[in-house]
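Take a look at the structure set out below.
Rule-based calculations on the coordinates, nothing more; no lab input. Everything numeric here is computed off the predicted structure, so don't read it as measured data. Every residue, glycine as well, gets a Cβ built from its backbone with ideal geometry; the counts of neighbours run over all protein chains shown.
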Amino acid sequence: MHTVSAAPLRAGVGLRLQHLKTVLDTRPEAAWFEIHPENYLANPHAAEMLFEIARLYPISVHSVGVSVGSAEGVDRRHLARIGALIDRLNPILVSGHLAWSTHEGDYLNDLLPMPYTQEALAHVAAQINQVQDALGRPYHLENPSNYLGFKDSTMTETTFLAELVERTGCRLLCDISNVHVSAHNLGYDARRYMDEFPGHAIGEMHLGGFEVEAEDSGSSVIIDTHSQPIDDHAWDLYAYAVERFGMRPTLIEWDNAIPSLETLLEEAGKAEAVAMRTLAGARRALAG
Ligand SMILES: [Fe+2]
């Protein structure tokens, strides 16, 4: 295993290609950045800028192409390619989704969900072991945003995640917005989900913007678009999670209609303010 430097207990922002130059030119006050390695595999110019940035800021690597849920298993060539990039970056964290996005060699645009069964558990655990062996680092697995439940599931998502932690020693990335999105779409209580989440394994939290779409039936579905400021429901749930688990490195995720770096950093500042206020309130309650 590689030695991994500790991730700062602060809020970072997702670094997208259009902001690479701004970061190098302006050296903003930023706690850390998270990147998608897939954006750099065929873009040597961007990769050079990224390596420069990695000398200045802590970097977290969030893969969108490692499909631990894919029936054919993870793509070893893809893993080797991102592994080489990761070794050069020596990131504070490496993460990816509990989902599958490849099918018979094709990359699909969406991160697709999977049923929570014993069979899926054994399969995903084996894939995570492979990923961790190949990268030589702990892998942080992210809870998905769900739009449909599977009637084949025999366990809850939180039990499935806890079992994966137990079997593989992997860590978890708790996406707070995904919890809200899934809870709304599937009709369960987001705080109860959080109560059941294996908090000891959380190495990172995500906060992303989403869109609410009204349906003809009068109900609504929430789409995890990462195209908006963080919604108040997500801030409330974030405060609940911080109160329960403590502050963890927290990322502002914004992937569509990307605003200025300044706006992203303001959202990160807000996350730190929410976390500090929550922890101060918890301390006061203890002292009182
Ligand atoms: Fe996320």
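Among residues other than LEU164 whose Cβ falls under 13 Å from its Cβ, what is the net charge (Lys/Arg +1, Asp/Glu -1)?
Values: positive: ARG167, ARG171; negative: GLU142, GLU157, GLU163, GLU166.
Here the count lands on -2.
With each label point set 7 Å from Cα along the Cα-Cβ vector, what nm distance links ASN43 and HIS2?
So the label points at ASN43 and HIS2 sit 2.0 nm apart.
Given R₀ = 45 Å, what would the calculated FRET efficiency be for GLU166 paired with ALA214, taking r from the Cβ atoms and rounding to 0.05? Could the numbers behind the result be given before it?
On the way: r = 41 Å, r/R0 = 0.90.
Step by step, r from the Cβ atoms, then E = 0.65.
What FRET efficiency do you get for GLU29 and ARG244 if R0 is 25 Å and r is their Cβ-Cβ distance, rounded to the nearest 0.05? Mind showing how you got there, number by number?
On the way: r = 29 Å, r/R0 = 1.16.
E between GLU29 and ARG244, to the nearest 0.05, is 0.30.
Report the extension gain between GLU272 and GLN18 in nm, rounded to one decimal, defined as 0.36 nm multiplied by the number of residues separating them, less their alpha carbon distance. Walk me through the numbers on the way to the answer.
Values: separation 254, 0.36 × 254 = 91.44 nm, distance 2.46 nm.
Difference between extended and current length: 89.0 nm.
Net charge within 12 Å of LEU141 by Cβ-Cβ distance, Lys/Arg positive one each and Asp/Glu negative one each, not counting LEU141 itself?
Local charge sum for LEU141: -3.
Just how large is the dipole of the stretch 1-53 about the Cα centre, in debye to the nearest 20, putting +1 at every Lys and Arg Cβ and -1 at every Asp and Glu Cβ? Walk me through the intermediate numbers first.
On the way: 4 positive and 6 negative charges, 23 e Å.
So the dipole magnitude of the stretch 1-53 works out to roughly 120 debye.
Please express the shape of the stretch 160-256 as an equivalent ellipsoid: the semi-axes are the square roots of 5 times the eigenvalues of the C-alpha gyration tensor, given largest first in whole angstrom. Each step should come with its number before you reach the end.
Values: eigenvalues 115, 47, 31 Å².
Semi-axis lengths for the stretch 160-256 are 24, 15, 12 Å.
Ignoring everything except DSSP H segments at least 4 long, calculate the 222 nm mean residue ellipticity for the chain; use -39,500 (n - 2.57) per segment, divide by total residues, nearest 500. Intermediate results must be reported in sequence, preceding the final value.
Numbers: 9 runs with 121 residues, N = 288.
Helix-only estimate at 222 nm: -13500 deg cm²/dmol.
Given H placed on each backbone N at 1.01 Å, which residues far from LEU93 in sequence or on other chains put an amide H within less than 5 Å of it?
So LEU93 has HN proximity to VAL61.
Which of LEU79, LEU15, LEU56 ends up with the largest GNM mean-square fluctuation for the chain, with Cα atoms connected below 10 Å?
Looking only at LEU79, LEU15, LEU56, the biggest GNM fluctuation is shown by LEU56.
Is the C-alpha gyration tensor of the stretch 177-232 telling us rounded, prolate or oblate? Criteria: a/c under 1.5 is rounded; beyond that, a/b larger than b/c is prolate, otherwise oblate. Show your work: numbers first, answer last.
Working: a/c = 3.43, a/b = 1.50, b/c = 2.29.
Oblate, because a/c is 1.5 or more while a/b does not exceed b/c.
Note down, for the chain, the three equivalent ellipsoid semi-axes (square root of 5 times each alpha carbon gyration tensor eigenvalue), biggest first, whole angstrom. Walk me through the intermediate numbers first.
Working: eigenvalues 136, 127, 75 Å².
For the chain, the ellipsoid semi-axes come out as 26, 25, 19 Å.
Give me the number: length gained by fully extending ALA126 to GLU72, i.e. 0.36 nm times residue separation minus the C-alpha to C-alpha distance, one decimal in nm. Could the numbers behind the result be given before it?
Numbers: separation 54, 0.36 × 54 = 19.44 nm, distance 1.18 nm.
That pair, ALA126 and GLU72, stretches by 18.3 nm at full extension.
If you wrap the stretch 11-91's Cα atoms in a convex hull and average its projection over all directions, what's the area in nm²?
Working: hull surface 22.3 nm².
Hull-based average projected area comes out at 5.6 nm².
State, to one decimal in nm, how far the label point of THR156 lies from the label point of ASN256, with both points 7 Å from Cα in the Cβ direction.
3.0
Would you work out the charge dipole size for the stretch 11-205 about its Cα centre, treating the Cβ of every Lys and Arg as +1 and the Cβ of every Asp and Glu as -1, and quote it to the nearest 20 debye?
The dipole magnitude comes to about 440 debye.
Using each residue's phi in the stretch 42-50, evaluate 6.51 cos²θ - 1.76 cosθ + 1.60 at θ = phi - 60° and report the 3J(HN,Hα) Karplus result to the nearest Hz, with x for Gly and Pro.
For the stretch 42-50, the Karplus-derived couplings read 10, 9, x, 5, 5, 4, 4, 5, 4 Hz, x marking Gly and Pro.
Taking only Cα atoms and a 10 Å spring cutoff, compute GNM fluctuations for the chain and point out the largest among GLU266, GLU29, GLU52.
GLU29
So how far apart, in nm, are the two label points at PHE51 and ARG284 if each is 7 Å from Cα heading toward Cβ?
Those two pseudo-labels are separated by 5.0 nm.
Most mobile of GLU166, GLU272, GLU38 per a Gaussian network model of the chain (Cα springs, under 10 Å)?
GLU166
Sorted from fewest to most neighbouring beta carbons within 10 Å, what does the list MET205, MET194 look like? Before the final figure, lay out each step's value.
Working: MET205 24, MET194 21.
Ordered by Cβ neighbours within 10 Å, fewest first: MET194, MET205.
What residue among LEU41, SER153, LEU286 has its Cα farthest toward the positive end of the dipole of the chain, where the charges are +1 on Lys, Arg and -1 on Asp, Glu, each on the Cβ?
With unit charges placed on the Cβ atoms, the residue in question is LEU286.
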